Amino acid sequence: MTAAAEQTVLALNGGSSSVKFALFCAADITHRRLHGKIDRIGIAGTALTASAEGPNAAITQEVPTGDFAASIEVLIDWLESRQAFAAVIAIGHRVVHGMQRSAPERVTRKVLDDLRAVIPYDPEHLPAEIQLMEKLLQRFPQLPQIACFDTAFHRTMPPVATLLPIPRRYQAMGVQRYGFHGLSYAYLMEQLAGLGDPAAHKGRVVLAHLGSGASLAAVRDGASVDTTMAFTPGAGVPMSTRSGDIDPGLLSFFAGKEQMTTARFQKMVTHESGLLGMSETSSDIRDLLKVEATDTRAAEAVALFCQEIRKRIGAFAAVLGGVDTLVFSAGIGENSPVIRARICANLEFLGVQLEPAANDANDAVISTPGSRVTVRVIPTDEELMIAKLALKLR
């Protein structure tokens, strides 16, 4: 039997072309023993990279190009070869879509069957996530696996925030607004409470998870009441390659003009739009900021990204009746002072006042002492949230 001090928890964040992983110490769940990813799955250049404790901490291993199943076999074999893996007592998985589920669940054959049945609701993520859980269940049936649902955080939204303005009969099919990035939001609210911010428990909070995928959430008294993503993670604000909200008439327009199929349209709005589509050069906002002074397309892409996020903050202020705390997080939110400043421009009427020096330094609090709204930068950690949930439920 493994000593309690040595026990570990494995967190997995699987997608169709990559799997992120992290191994945490169960006795001190914030202690990360190992973390890394296998990416470019299914295309040339598939590689496993990791960082561990001790000498030779940085690890890079080429992986033969293959499908998702072959790549996760390589990942599992590699993890099993690590000494710390022998002490794993639970495995937690990020599952993007949980439908009506409001809490994490132990992975069972029934849960997997239920998730397979709802693949049409999230064909981008669920097939890979299910495959990863099934493979680990086959290889390590004795280990408890916990499915942690990204949609669960938003199950507190009132009915009006879940409705889509389409014929009511589709609601019975589960066609509604769900919201995503819930594991990130749960972590941010936990951190906010740990910082002693009173708005975490009783107040009005707007959370901005701004990464390659981007969304915002309105939180009142610790519970989600609205969010920008909806039936799918493609809704809401523009993202790196996703369009966000667009006119539904575009589908029939392109079908008539270019004989565009629904599958082709879905590919366009998911993988070819957002910053990439508007700029025609890059999906990375850092690249666009470097050339915006000389490239109108890049400048307009950045401007629309900031404007749409600013509009959502204003809308959520209306939903909440004001804002006490605004939190920026994820890759762009945590690391881009210029984007934060542009988003907050013209929000003075809400009580948002940025302190430029603090913002430029990526300080934890970037608002002025006199700002009615406390503006914070909090790094998110979805893998740590997954590990905490898995340890609790195992």
Of all residues making up the range 328-344, the number that are open to solvent by less than 10 Å² (accessible area, probe 1.4 Å) and within 15 Å of the chain's Cα centre (by Cα): 4
Pairs, first under 17 Å from residue 122 (Cβ atoms) and open to solvent by 20 Å² or more (accessible area, probe 1.4 Å) in the range 157-184, second of a type in the set (Gly, Ala, Ser) and part of a loop (DSSP other than H, G, I, E, B), C-beta under 6 Å, six or more apart: 177/230
When residues of the range 185-210 are limited to those that are of a type in the set (Gly, Ala, Ser) and within 19 Å of residue 384 (Cβ to Cβ), the one least open to solvent (accessible area, probe 1.4 Å): 200
Qualifying residue in the range 302-311 (condition: assigned to a helix (DSSP H, G or I) and either among the hydroxyl-bearing types (Ser, Thr, Tyr) or touching a strand residue (DSSP E or B) at 6+ places or on another chain (Cβ under 7 Å) (or both)): yes
First in the range 15-36 and at negative phi and open to solvent by less than 70 Å² (accessible area, probe 1.4 Å), second anywhere and of a type in the set (Lys, Arg) and not in a strand (DSSP E or B), Cβ under 6 Å, 6 or more apart: 29/388
Matching residues, the range 218-247, being farther than 20 Å from residue 15 by Cα, buried (at least 19 other Cβ atoms within 10 Å of the Cβ) and touching a His at 6+ places or on another chain (Cβ under 6 Å): 224, 227
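For (1) at pLDDT 95 or above; (2) more than 18 Å from the chain's Cα centre (by Cα); (3) not basic (Lys, Arg), each residue gets a yes or a no:
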| position | (1), (2), (3) |
| --- | --- |
| 159 | yes, yes, yes |
| 163 | yes, yes, yes |
| 183 | yes, no, yes |
| 193 | yes, yes, yes |
| 212 | no, no, yes |
| 217 | yes, no, yes |
Matching entry among 251, 275 (being open to solvent by less than 50 Å² (accessible area, probe 1.4 Å), over 21 Å from residue 119 (Cα atoms) and part of a helix (DSSP H, G or I)): 275
Test for residue 85: is it in contact (Cβ under 8 Å) with a residue 24 or more places away in the chain, open to solvent by less than 20 Å² (accessible area, probe 1.4 Å), touching a helix residue (DSSP H, G or I) at 6+ places or on another chain (Cβ under 8 Å) and aromatic (Phe, Trp, Tyr): yes
Subset of the range 126-149 that is open to solvent by 40 Å² or more (accessible area, probe 1.4 Å) and not polar (S, T, N, Q) - its residue that is farthest from residue 92 (Cα to Cα): 127
Cross-chain or 6+ apart pairs with Cβ under 6 Å, the range 254-269 first and closer than 14 Å to residue 243 by Cβ and in a helix (DSSP H, G or I), then open to solvent by less than 80 Å² (accessible area, probe 1.4 Å) and of a type outside the set (Ser, Thr, Tyr): 254/260; 265/251
Residue that is open to solvent by 10 Å² or more (accessible area, probe 1.4 Å), over 22 Å from the mean Cα position of the chain (by Cα), closer than 24 Å to residue 207 by Cα and of a type in the set (Val, Ile, Thr), where the choices are 319, 352, 291: 319
Considering residues of the range 59-82 that are more than 20 Å from residue 136 (Cα to Cα) and modelled with pLDDT under 80 only, the residue least open to solvent (accessible area, probe 1.4 Å): 59
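The values are calculated or read from the model by the stated rules, or taken from the named source; none is laboratory data. These numbers were taken from a predicted model, which means no experiment stands behind them. Note that each Cβ is placed from the backbone with ideal geometry, even for glycine, and that neighbours are counted across all protein chains shown. These area figures cover heavy atoms from the full protein model, side chains too; ligands, DNA and RNA do not enter into them. Shrake-Rupley method; radii C 1.70, N 1.55, O 1.52, S 1.80 Å.
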